[in-house]
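Here, each number is a calculation from the coordinates, and none is a lab measurement. A quick note: this is a predicted structure, and the numbers were derived from the prediction, not measured. All Cβ positions, glycine included, derive from the backbone under ideal geometry; neighbour counts span all protein chains shown.
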Amino acid sequence: MGEFFNSRTMTAGELLRLPSPVLLCSDRIDFSKAIVDAGYQTISLNLPMAASLAGLPEREIIATITEKIRVLFPQSLPVYMTDYEMLFDPRYELDVIRLFVDLSRRNKLIIKWCGTVDGDVLTYAEHGFVDYKRYKVNDYDVVIVK
């Protein structure tokens with residue numbers, strides 16, 4: 001189900017017309033500028049999420065984390081997510097890519113991917129680390145721009 005696009009042959013306008021969610025695995029500065037200029041609200045989840053989860057027991061966090069994330073998203077505005085690494089904490093039991101797909105039903109969503117892409121596999125962190133995650137792109141309805 002996943003689709004791949006080459007960032008070297010893509011214009012910023014083409015990037016903005018892709019179906020959501022887009023996992024942006026490229027550091028092109030013109031893409032970031034175009035995203036902001038197109039009215040995307042940049043969301044940095046780590047700090048507000050940490051504040052909303054502080055002091056909660058782990059069971060309550062697991063039960064409510066998805067809803068707490070949704071509350072942080074603006075209604076119906078396009079979102080550019082750049083800071084979300086805490087979502088990979090294994091205690092939260094999240095399928096982060098599935099979460100992005102769910103969030104994209106309410107908001108057009110571009111995510112600055114903070115891991116790597118190799119072939120049809122996205123990875124987060126290094127193998128052997130507790131937060132290491134590996135995702136087969138074809139298991140998700142996402143667009144990858146590498």
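Observations on the structure shown:
- Check on residue 8, surrounded by 13 or more Cβ atoms within 10 Å (Cβ to Cβ) and basic (Lys, Arg): no
- Those residues of the stretch 20-49 which are among the aliphatic types (A, V, I, L, M), exposed (fewer than 14 other Cβ atoms within 10 Å of the Cβ) and over 17 Å from the mean Cα position of the chain (by Cα), in sequence order: 29
- In the stretch 33-50, the residues that are of a type in the set (Ser, Thr, Tyr) and either under 14 Å from residue 16 (Cα atoms) or in contact with a His (Cβ under 9 Å, 6 or more places away or on another chain) (or both): 40
- Of the criteria (1) surrounded by 11 or more Cβ atoms within 10 Å (Cβ to Cβ); (2) among the acidic types (Asp, Glu); (3) under 22 Å from residue 125 (Cα atoms), which one residue 14 fails: (3)
- Set side by side, the residues 101, 79 differ, and just one is of a type outside the set (Asp, Glu) and in contact with a strand residue (DSSP E or B) (Cβ under 7 Å, 6 or more places away or on another chain), which is 79.
- Some residue of the stretch 65-74 being in contact with a Pro (Cβ under 8 Å, 6 or more places away or on another chain) and either more than 20 Å from residue 24 (Cα to Cα) or charged (D, E, K, R) (or both): yes
- The stretch 72-92, residues that are aliphatic (A, V, I, L, M), in contact with a helix residue (DSSP H, G or I) (Cβ under 7 Å, 6 or more places away or on another chain) and assigned to a strand (DSSP E or B): none
- Among the criteria (1) of a type outside the set (Asp, Glu); (2) within 10 Å of the chain's Cα centre (by Cα); (3) closer than 15 Å to residue 46 by Cβ, the one residue 110 does not fulfil is (3).
- Within the stretch 1-46, the residues that satisfy the criterion of being without any contact (Cβ under 8 Å) to a residue 40 or more places away in the chain, assigned to a loop (DSSP other than H, G, I, E, B) and not hydroxyl-bearing (Ser, Thr, Tyr) are 27, 28, 39.
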